[in-house]
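The values are calculated or read from the model by the stated rules, or taken from the named source; none is laboratory data. Small disclaimer: the values here were computed from a predicted structure and weren't measured. Neighbour counts are summed over all protein chains in view; Cβ atoms, including those assigned to glycine, are modelled from backbone coordinates with ideal geometry. Surface areas here come from the heavy atoms of the whole protein model, side chains and all, with no ligands, DNA or RNA. Shrake-Rupley method; radii C 1.70, N 1.55, O 1.52, S 1.80 Å.
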Amino acid sequence: MLALEIDHLTTAFGALRAVDDVSLAVAAGSITGLIGPNGAGKSTLFNSVVGAAVPLTGSIRLHGERIDALTPERVFRLGLAHTFQIPRPFAEMTVLENLMLATPGQAGERFWSALLRPAGVRRQERAIMRRAFEILDFTTLAAVAGSAAGRLSGGQQKLLELARILMGEPRLILLDEPAAGVNPALTQVLIEKIRELNARGMTFFVIEHDMDFVMGHCDPIIAMAGGKVIFEGSSREAVNDPGLRDAYLGELPHV
Ligand code: ADP
Ligand code: MG
């Protein structure tokens, strides 16, 4: 079973093919790692998958269904969520409000249903609030539920990103450098939460430079360089792959 299938995908910025004829698959139930030097095209690949960048050619399937012509909103509703490399919370709003806003398809958004069925809307809002608190507990953010999101530490903002997308009950989660700038203790929390969610059936596709994270928790590992996939295999194969070492100019850490 494949959660994600990318076939001959090319995304360009002018003459630059940031993603250049990439084909790859992410198995359902896996924590698949995506590594590669800066500028390799990793974030552009994710942006193309979630509809935030428009590919020139190629196809993308989510659990077998074509998604490459859909808006980010539609893709999110189909169960594919992603976090940005730089967190983008509503800084002035509280952590709780950020979560409440992340729920797709609230009845309250629709003017007429809000007018005609206020009791139903209130009930739904209470349900969303309950769910938000459960997720804040799960992501260890309950204590800062009332704080402005912009006041959180970098690490807490990464956890907020995860919390925000969990409101949509995604089946596949794309994380763009979740551990970057996060202190070791919070990184550990993040890894624990990813593993717990994975054990409950969520698939993860994770861009990360933290090699302990990648080597210890991702299988398989896919590597990109210059817009191309240059490696696919286990962590053991990754450390022994000469092409991968070249791509990192010999800076791949020992494991
Ligand atoms: P990575 O995430 O692997 O570091 P990116 O996907 O961010 O790589 O970038 C791949 C290439 O595309 C880089 O050369 C980068 O400068 C370029 N690029 C990324 N986003 C844009 C953009 N919005 N406009 C123009 N060039 C971009
Ligand atoms: Mg990037």
Measuring from its Cα centre, the chain shows a charge dipole (+1 at each Lys and Arg Cβ, -1 at each Asp and Glu Cβ) which, in debye to the nearest 20, is 1080
Applied in sequence order to segment 54-70, the curve 6.51 cos²θ - 1.76 cosθ + 1.60 (Karplus, θ = phi - 60°) yields integer Hz couplings, x standing for Gly and Pro, of 9, x, 6, 9, x, 10, 9, 10, 10, 6, x, 9, 4, 10, 6, 9, 8
Of all DSSP beta bridges with both partners in the chain, the antiparallel percent, nearest 5, is 60
The lysines whose Cα lies under 19 Å from the Cα of residue 42, excluding any fewer than 8 residues away in the same chain, are 158, 228
For segment 178-255, Rg(Cα) over 2.2 N^0.38 Å is 1.15
Rounded to a whole %, the carbon-and-sulfur portion of the accessible area of the chain at a 1.4 Å probe is 53
For residue 34, the residues 5 or more places away or on another chain with a placed amide H closer than 5 Å to its own amide H are 206, 207, 208, 222
Rounded to whole Å², per residue accessible area for the chain with a 1.4 Å probe reads 49
Per DSSP, the loop-located GluC sites (Glu not before Pro) within segment 1-103 having at most 11 other beta carbons within 10 Å are 92
